[in-house]
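Student: Take this structure first; my questions come after.
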Amino acid sequence: MIDLKLLQKDFEGVKKALLRRGVDEKLIEELKIKNEKLKEAKMAYETLQAAQNAMSKEFGIYKREGKDISELKKRVDENKRKIADALEVQRQRQEELEKLAMSIPNLPDPDVPDGEDEEDNVEIKKVLEPREFDFTPKEHWELAEQNRWIDFERGVKIASSRFSVVYDMGARLERALINFMLDYNRKRGFIEVSVPHIVNRRALEGTGQLPKFEEDLYKIENQELFLIPTAEVPLTNLFSDEILQEEMLPLKMTGFTACFRKEAGAAGRDTRGIIRQHQFPKVELVCITKPEESDKVFDEMVETASGILTELGLPHRLVQLCTGDLGFSAAKTVDLEVWLPGQNTYREISSVSNTRDFQARRAKIRYKDGKKNTLVHTLNGSSLAVGRTMVAIMENYQNEDGSITIPKALEPYM
RNA sequence: GGAGGUUUGGCUGAGUUGGUCGAAAGCACCGGUUUUGAAAACCGGCGAGGGUAACACCUCCCAGGGUUCGAAUCCCUGAGCCUCCA
């Protein structure tokens, strides 16, 4: 959630930032008005409540002294009715404000480039040169089928479209990658955490997937529980509603989970292969930091994800997302895109975001900053999407006969 | 699935004949005295959110309802944890 105090204090500044990422101007103004209306209602209610409290105290004194209370009681009863009305007004306005505020995305950092969509993202740098092929490189689904690593039909048979089954060397490669990635992250100071794959509504609100993106989540029937779309949700919410000790920060975590997404709105995109599945394995990084150190940690996370690709010998590039392509909770995001020779293009394989205090405010994650309690910054990034890494290995390490060489870095894991 | 217990501030833990309880005490933490320095000792401060220029004031003792002029304390519903039984 954005900072409503800041909105009140620097309306023009906040408006400008939100307009950059395409938020409707009317919504921003409405947010401000609703906030002011709530304040009014609160004041009215609190004044009445204060009177009530005072009278109640008096009441006790009267009784003790044996005075007549009938007159006082009349006043109190009357006030009580007013309070009930005032409270109802306040409740309504609170609800309205919250509904709106929860649907407003984060403010982009000032240095995020303006832009409409991914076309306007800015390449930061390329790492490793794509290999020259003396034959026409195949796409991963061809290689996967030829090597009998991935079975697309049977995944569909037992579940639905966008599910697949991985066999033999493919399955072993997947497992090797997960271990390799977790170990790599651990060596860089991220502690390994194993979390539930199902979370409640509160957690999803904390990280910003709800209330806005419910249609993309798998919900457990008749329960307020959902399959996680990313490990970011359980990892970040681990410390919701807590006041952390300063020494605990920065908290750097890594975890492996499956991720579940309905991919609503992605109909027709990436239908072949395993680029876009309803269930996919991913190793995630989540950091909780003091505000002043989040930029540094952000860079570490990008380097870590990039480092894994480099170790695996996979050419990739870093791309800074423009305002139009930023995720809902992110103030700043750098994507890692891996080179896919079969598709002859770079494809997203990791996304590292700094949400600043946006999630921390929703999830109430704070730390003791000397005397004060201050909202932390939360960051998340994949390191990496395992399925897409397999795709990249297949395509980059393919031989002319369709066989695939296992990257050196993975040899100890296979 | 059944019976009982429990849920209080960063932690431990008092507080159930309803009022002066946002809550004793201890630990932790912060400031000071003392010390070459540290420890110990002593003095003072110290829950959270909102509100204010600062006060005042409002809300919060698992969550949600209710009774009452007034609830951490009474009633109902739900959740977590623990124990016993099936």
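Student: Restricting to region A:369-406, name every residue that is among the charged types (D, E, K, R) and over 21 Å from the mean Cα position of the chain (by Cα). Lay out the reasoning, then the answer.
Tutor: Let us first name the residues in region A:369-406 that are among the charged types (D, E, K, R), namely A:369, A:371-372, A:388, A:395, A:400-401.
Answer for region A:369-406, where residues must be among the charged types (D, E, K, R) and over 21 Å from the mean Cα position of the chain (by Cα): A:Asp369, A:Lys371, A:Lys372, A:Glu395, A:Glu400, A:Asp401.
Let's see how each residue does on (1) buried (at least 17 other Cβ atoms within 10 Å of the Cβ); (2) among the acidic types (Asp, Glu); (3) in contact with a Phe, Trp or Tyr (Cβ under 8 Å, 6 or more places away or on another chain):
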| residue | (1), (2), (3) |
| --- | --- |
| A:Asp151 | no, yes, yes |
| A:Arg154 | no, no, no |
| A:Lys157 | no, no, no |
| A:Phe190 | yes, no, no |
| A:Pro196 | no, no, no |
| A:Leu227 | yes, no, yes |
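Student: Kindly state which strands (runs of 3 or more DSSP E) lie completely within region A:336-410 and contain at least 3 residues that are of a type in the set (A, V, I, L, M) and away from RNA strand B (no atom under 16 Å from the Cβ). Step through it out loud before you land on a result.
Tutor: Working: elements: A:345-354, A:365-369, A:372-375, A:377-385.
Result: A:377-385.
Student: How many residues, within region A:43-75, are modelled with pLDDT of 85 or more, near RNA strand B (Cβ under 6 Å from one of its atoms) and either more than 49 Å from the chain's Cα centre (by Cα) or under 29 Å from A:Leu100 (Cα atoms) (or both)?
Tutor: The total comes to 2.
Student: Here is a further query. What's the number of the condition A:Phe260 fails, among (1) more than 19 Å from A:Ser351 (Cβ to Cβ); (2) surrounded by 17 or more Cβ atoms within 10 Å (Cβ to Cβ); (3) touching a Pro at 6+ places or on another chain (Cβ under 9 Å)?
Tutor: Only one criterion is unmet by A:Phe260, namely (1).
Student: Looking at A:Asn35, is it loosely packed, with under 15 Cβ neighbours inside 10 Å and either near RNA strand B (Cβ under 8 Å from one of its atoms) or assigned to a helix (DSSP H, G or I) (or both)? Don't jump to the end; show me each part of the working.
Tutor: Details: loosely packed, with under 15 Cβ neighbours inside 10 Å: no; either near RNA strand B (Cβ under 8 Å from one of its atoms) or assigned to a helix (DSSP H, G or I) (or both): yes.
Spelling it out, it is not the case that A:Asn35 is loosely packed, with under 15 Cβ neighbours inside 10 Å and either near RNA strand B (Cβ under 8 Å from one of its atoms) or assigned to a helix (DSSP H, G or I) (or both).
Student: Do any residues in region A:233-254 that are away from RNA strand B (no atom under 16 Å from the Cβ) and part of a strand (DSSP E or B) have Cβ atoms under 7 Å from those of residues that are modelled with pLDDT of 90 or more and among the basic types (Lys, Arg), where the two are at least six apart or on different chains, and which pairs are they?
Tutor: A:Thr254/A:Arg186
The values are calculated or read from the model by the stated rules, or taken from the named source; none is laboratory data. Since the structure is predicted, the reported quantities are computational estimates derived from the model, not experimental observations. Every residue, glycine among them, receives a Cβ derived from its backbone with ideal geometry; neighbour counts consider all protein chains shown.
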